[in-house]
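Undergrad: Quick one: the structure is below, questions incoming.
Computed from the coordinates by the stated procedures, all read-outs in this text should not be read as laboratory data. Computed from a predicted structure; not experimentally measured. Cβ sites come from the backbone with ideal geometry, for glycine too, and all protein chains shown count toward neighbours.
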Amino acid sequence: MNAKVDLPGHAQYPTLFSPLDLGHTQLRNRCIMGSMHTGLEEQPDGFERMAAFYAERAEGGVGMIITGGISPNEEGGLVLKGEDGKPLAAASKLNTEEEAAGHRIVTDAVHNAAPDCKICLQILHMGALAYNEGAVAPSPVRSRIGAFSPNELDEAGIEKQIVDHAHCAKLALQAGYDGVEIIGSAGYLLSTFLVEKTNQRTDQWGGSYENRMRFPVEVVRRVRETVGPDCIVIFRIAAMDMLQGGMSWDEIALLSKAVEAAGASMISTHFTWHESQVPTIATMVPRRAFTGVTKRVRDEVSIPVITSNRINMPDVAEAVLVDGDADLVSMARPMLADAELMKKAAEGREHEINTCIACNQACLDHTFAMKTTSCLVNPRACHETQLKWGPATVTKNIAVVGAGPAGLAYATVAAERGHAVTLYDAADEVGGQFNLAKQVPGKEEFHETLRYYRAMLEKYDVTVKLGQRVDADQLSDAGFDHVVVATGISPRVPQIPGIEHEKVVGYIDAIKGNKPIGKRVAVIGAGGIGFDVTELITHEGTSSALDINLFAQEWGVDFENHPRGGVTGVEPVINKADREVWLMQRKETPVGRGLGKTTGWTKRLLLNRRGVNMVNAVDYVRIDDDGLHVLLGGQPKTFEVDTVILCAGQEPERSLFDALEKKGLSVDLVGGAFEAVELDAKTAINQATHLAAAV
């Protein structure tokens, strides 16, 4: 591990790089790496892997790190059981001396990497969302997304939870943490005391809001009493919980002041509960969408306030701070995407930042599936001890054919290691399928990924030859030591009579606008591409991902008046194209079932609101002048459509690979050309990166 990195700050971001004095300590800048549960917490070698993960981010320049959520007791978190049925010890709990010793591995690594970087442990009691039968809550109200009905806490149980929070904080200091963050949002234990829907008590812990907020305030007070004055204590508040009947603005302001009085060093604003039906972190959400809400909290208290959500580049962070919306900016997933985000910003290398695109595919989707977190654009995230590379011991002359996600990942990593790389593509620009994705409303962040790869191609001197389709003979004659075929996919054309009819349009032509789309449209195939195409053709006007007012209208959020939860009584206003669409699939499962867990629901809900007809269990019969003829439940039906858009999957494009193999050349096959079940940039980039790290 290298020594401390001196980050003087870049003139373009003076506020972001200004220190923050907390009295008893100082943060070196205004950037916090926010909390994310990574799945490393439950791994047998989790402490060592977390140490490497957080140390890279500390060395990369963040001012403070908040760990993933750690439960203060057994009933508050995830209980994994071994083959004998007994609970397994996990780093996601901290209530013993032995566990504190394990956490010392993490804190020592961070402080050795950057002595002036702070690290705080997030104390997270999952309450009704806990993955164990001992889950507890203020009332036995099962969450819509919970695995168990929680047990109602009695007076002794409430006191135990308060004591356990304080004990966890004490152990965190013993383990070398600079402080703790207490999470009081998202539908976890503390937040369920605050909302009437989940707190139906009539004793001193329920009823009036003053009673409902008693528990979280007492947790903060008891933690401060236990850890003393020289420990950072952060309280994470649901500044707008996006729940019908959620907290009012007056209640949030009252809680903020009470938490400050109880001893919090800082307040971190969070938005939404996990069961809310408003997206807050998906790529369709505008950048810095919620920082104005944070400003309202900041105006109520005298301690520093942290904001978060969809802040993914230094210029966005600087603008938030300059506008006075917050004192600090939390970036969690952006630190998965690029551990050196702050270092690059300080050195004027913003164009080299690997920007978080808020896809959630390898981070939150993995978390909720109980898999180890990673990052679509950065497969090394959370795999620092497993996926690593240095200069190649023997440099090679390598050709990469195909400049889509897999080809770009392979070419840049191989070139970084010192190999001479030539990248070919028949198109006139790099990006492959990313150039389609960036045209879908809500996916504009893909422009950033392409900007990053273009910067890496230039930095590592990759020879890029666009508009050139090469064959096996040319590559063989050129004398390359190794060839990587990343030629991607060809859209699958289903065997339906009439598939050549003039009203049939492929998804590539539909996205590029090469062919007209009628007023009545059938989309064949309801995977990710089918949903993207349907989003595109039912969308009207500016993308709401680029306009906070449009986003608020479309999702029914009132930022100006802040009704209860920000959404109570607010009806979404849907801007949609004058077009009737049927989104179809052969599968009998509900349409959209296979989409990502954390973003799929947003796509289904949005298209439902736009009036898209979702049809499953379809047998396609033929296409003719009358429309699309199908069988539904064995009964014939004709959809009288003007256009049929094909989104029926893909076939690997591997003819070049086969030809090179026949010639006996050293060759690898990566990305969609290797396997094309569904367009999957996550798998493509991950596979290509691993191969390039080993070549």
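Undergrad: Mean shadow of segment 567-695, computed from the convex hull of its alpha carbons, in nm²?
TA: 13.3 nm²
Undergrad: Counting only C-alpha contacts under 8 Å and six or more residues apart, can you give the relative contact order of the chain as a whole percent?
TA: 12 percent
Undergrad: Follow-up. For segment 20-368, with equal point scatterers placed on the C-alpha atoms only and solvent neglected, what are the log10 I(q)/I(0) values from the Debye formula at q = 0.13 1/Å, to two decimals?
TA: Result of the Debye calculation: -0.97.
Undergrad: Calculate, in nm to one decimal, what Lys587 and Asp428 gain on full extension: separation in residues at 0.36 nm each, minus their alpha carbon distance.
TA: That works out to 53.5 nm of additional length.
Undergrad: Could the peptides 518-529, 617-628, 14-25 be put in order, highest first, of the mean number of other beta-carbon atoms found within 10 Å of their residues?
TA: Those peptides, ordered most packed to least, come out 518-529, 617-628, 14-25.
Undergrad: Hey, another quick one. Distance from a point 7 Å along Cα→Cβ of Lys519 to each backbone N in segment 571-610: keep the residues under 17 Å and list them by number.
TA: Within reach of a label on Lys519, which here means backbone N under 17 Å from a point 7 Å along Cα→Cβ, segment 571-610 contributes 576-582.
Undergrad: Next question, about the same structure. Starting from the exponent 0.38 and prefactor 2.2 Å, build the expected Rg for segment 530-574 from its residue count and divide its actual Cα Rg by it.
TA: Taking the Cα Rg and dividing by 2.2 N^0.38 Å, one obtains 1.31.
Undergrad: So, R0 is 51 Å and r is the distance between the beta-carbons of Asn549 and Lys388; what FRET efficiency does that work out to, to 0.05?
TA: Approximately 0.70, to the nearest 0.05.
Undergrad: Can you tally the net charge around Lys438? Count Lys and Arg as +1, Asp and Glu as -1, for every other residue whose Cβ sits under 10 Å from the Cβ of Lys438.
TA: Net charge in that neighbourhood comes out at -2.
Undergrad: Which order do peptides 443-452, 594-603 fall in by mean Cβ count within 10 Å, highest first?
TA: Highest to lowest by the protection proxy: 443-452, 594-603.
Undergrad: May I ask which residue of Gly672, Gly506, Val630 lies farthest towards the positive end of the charge dipole of the chain, with charges of +1 (Lys, Arg) and -1 (Asp, Glu) on Cβ and the Cα centre as origin?
TA: Val630
Undergrad: What is segment 439-510 by shape, rounded, prolate or oblate, if you read a ≥ b ≥ c off the alpha carbon gyration tensor as root eigenvalues and call it rounded for a/c under 1.5, prolate for a/b larger than b/c, and oblate otherwise?
TA: oblate
Undergrad: Beyond 25 Å between alpha-carbons counts as too far, so tell me which of Lys576/Lys603; Lys344/Lys465; Lys438/Lys515 fall in that bin.
TA: Pairs exceeding the cut-off: Lys344/Lys465.
Undergrad: OK, next. How much length would be gained if the chain were fully extended between Ser490 and Asp624, taking 0.36 nm per residue of separation minus their Cα-Cα distance, in nm to one decimal?
TA: Contour length minus Cα-Cα distance gives 45.8 nm.
Undergrad: Once Rh for the chain is found with the Kirkwood sum over Cα pairs, what is the Stokes-Einstein diffusion coefficient at 4 °C and 1.567 mPa s, in µm²/s?
TA: 48 µm²/s
Undergrad: Could you calculate the FRET efficiency of Glu500 with Asp315 from 1/(1 + (r/R0)^6), where r is the beta carbon distance between them and R0 is 45 Å, rounded to 0.05?
TA: 0.35
Undergrad: Hey, which aspartates and glutamates would be in cross-link range of Lys662, C-alpha to C-alpha under 12 Å, not counting anything within fewer than 8 residues on its own chain?
TA: Partners within reach: Asp473.
Undergrad: Let me ask something additional. Calculate, axis by axis, the spread of Cα positions in segment 412-459 along the three principal axes, and write the results as whole Å, longest axis first.
TA: Taking the Cα atoms of segment 412-459, the three principal extents are 38, 21, 12 Å.
Undergrad: Taking the Cα atoms only, what angle lies between the long axis of helix 155-174 and the longest principal axis of the chain, rounded to 10 degrees?
TA: Rounded to the nearest ten degrees, it is 80.
Undergrad: Counting only other residues whose beta carbon sits under 11 Å from that of Phe290, what net charge do I get with K and R as +1, D and E as -1?
TA: +4
Undergrad: Going by Cα centres, segment 96-112 and segment 446-497 are how many Å apart?
TA: That distance is 45 Å.
Undergrad: What's the angle, to the nearest 10 degrees (0 to 90), between helix 528-538's Cα axis and the longest principal axis of the chain?
TA: The angle comes out at about 90 degrees.
Undergrad: Measure nothing but the geometry: give the 0 to 90° angle between the long axis through the Cα atoms of 681-694 and the longest principal axis through the Cα atoms of the chain, rounded to 10°.
TA: For helix 681-694, the angle is close to 90 degrees.
Undergrad: Here is a further query. If N is the number of residues in segment 481-547, what value comes out of its Cα radius of gyration divided by 2.2 N^0.38 Å?
TA: Compared with the compact-globule rule of thumb, segment 481-547 sits at 1.43.
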